Amino acid sequence: MRTPTRASLGAMIRPLVAAVVITAALVAPVAAFTSFTLQTIEGDFAERARAERQDVAQLTAHLVDTALDGAGRHLALTSSRSTLRDALARRDAPAAGRDLSELRAAGSYSSAALMSGQGVLIARAPAADEAVGMDVSDRDYFTGALAASSWYVSEAYLARVTGPAPLASVSLAVRDAGRVVGVLQVALTPQQIVSAIRPLRPGAGREIIVADGRARIVASTNPLHAPLSVLEASFADARSGPAGSGRGSLAGKEREFTHVP
């Protein structure tokens, strides 16, 4: 048996060492390339997610606007009826009530109401005898309708009669020869507002929130959010200004979000 000499051992080891060196030299670029590729893929996914959230936000705003505009058109059609003006002139609550019932059914609203030009409730659908004669002249939906050139969308409020569930409403002043003879109003529940955005079918981990001008939750696809609870500061800052994205704590969890006014 021949014992390998130092020279022969060197000859045997050199290819192995060369292979290890070559492999080591390749590992660093491959690792860097893999890291770059993963970062690129992750960035692409994040960008797509942002773009998708932006699309959802824009579509949500459009659907809510469409629902509110539909309510405004129903009010405008009802206010143009001579029968309603006659009923207002005669203070004929039953006749006005018939118009209100049609108005409420036209949009499946929570309620419809008719007030005098001084803010006294004349009729309501569904009927609520205890509410007739109530002075609502200080309410947002009444003063807003008087000041608006068209229909007025109120902030969320608690009704004095129905409480404690919040409502948002659309109201319109009824004018005769330029004089305000009454105010029409329809109220919407958070569930009815959410139903307007149901076609979006938000996926797992995603929720859609509709907030008012004071950053209070009017409607949400997440039933755990209490109506009229105030959004955290990072989300509240997103209620005005241009559409954009951000990150913040919501109900104790860190979330990414896209917003549109």
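The values are calculated or read from the model by the stated rules, or taken from the named source; none is laboratory data. Here the structure is a predicted model, which is why all the values come from computation and not from measurement. Methodologically, a virtual Cβ is constructed for each residue, glycine included, from the backbone with ideal geometry; neighbour enumeration extends over all protein chains shown. Note: areas computed on protein heavy atoms with side chains; ligands, DNA, RNA excluded. Shrake-Rupley method; radii C 1.70, N 1.55, O 1.52, S 1.80 Å.
Once the dipole of the range 138-214 is set up with Lys and Arg at +1 and Asp and Glu at -1 on Cβ about the Cα centre, which of PRO190, PRO166, VAL180 lies farthest towards its positive end?
PRO190
For the range 70-175, which whole-number percentage of the solvent-accessible area (1.4 Å probe, protein heavy atoms only) is attributable to carbon and sulfur atoms? Could the numbers behind the result be given before it?
Details: 2590 of 4870 Å².
Carbon plus sulfur share of accessible area: 53 percent.
In units of 2.2 N^0.38 Å, what is the alpha-carbon radius of gyration of the range 107-163? Could the numbers behind the result be given before it?
Values: Rg = 11.3 Å, N = 57, 2.2 N^0.38 = 10.2 Å.
Computed over Cα atoms of the range 107-163, the ratio equals 1.10.
Given a 1.4 Å probe, how much area per residue of the range 130-261 is accessible, in Å²? List each step's numbers first, then the result.
Details: 6720 Å² over 132 residues.
For the range 130-261, the solvent-accessible area averages 51 Å² per residue.
As an exercise, find the ratio Rg/Rh for the range 118-261 from alpha-carbon atoms, using the Kirkwood inverse-distance average for Rh.
Values: Rg = 17.6 Å, Rh = 17.0 Å.
So for the range 118-261, dividing Rg by the Kirkwood Rh gives 1.03.
Relative to the present Cα-Cα distance, how much length would full extension add between GLU254 and GLN191 at 0.36 nm per residue of separation?
20.1 nm
Measuring from a point 7 Å past the Cα of ALA177 along Cα-to-C-beta, which residues in the range 51-91 have an amide N at less than 12 Å?
It comes to no residues whatsoever.
Any idea what the relative contact order of the range 76-153 is, in percent, if you count C-alpha pairs under 8 Å spaced at least 6 apart? Display every interim value, and only then the final one.
Numbers: 86 pairs, mean separation 14.8, N = 78.
RCO, the range 76-153: 19 percent.
Give the Rg/Rh ratio for the range 157-230, taking Rg as the radius of gyration of the Cα atoms and Rh as the Kirkwood radius, to two decimals. Show your work: numbers first, answer last.
Working: Rg = 15.6 Å, Rh = 14.1 Å.
Radius of gyration relative to Kirkwood radius: 1.11.
Please report the relative contact order for the range 107-261, taking Cα pairs under 8 Å with a sequence separation of at least 6, and give it as a percent rounded to a whole number. Kindly include the intermediate steps, with their values, before the conclusion.
Details: 286 pairs, mean separation 23.9, N = 155.
It rounds to 15 percent for the range 107-261.
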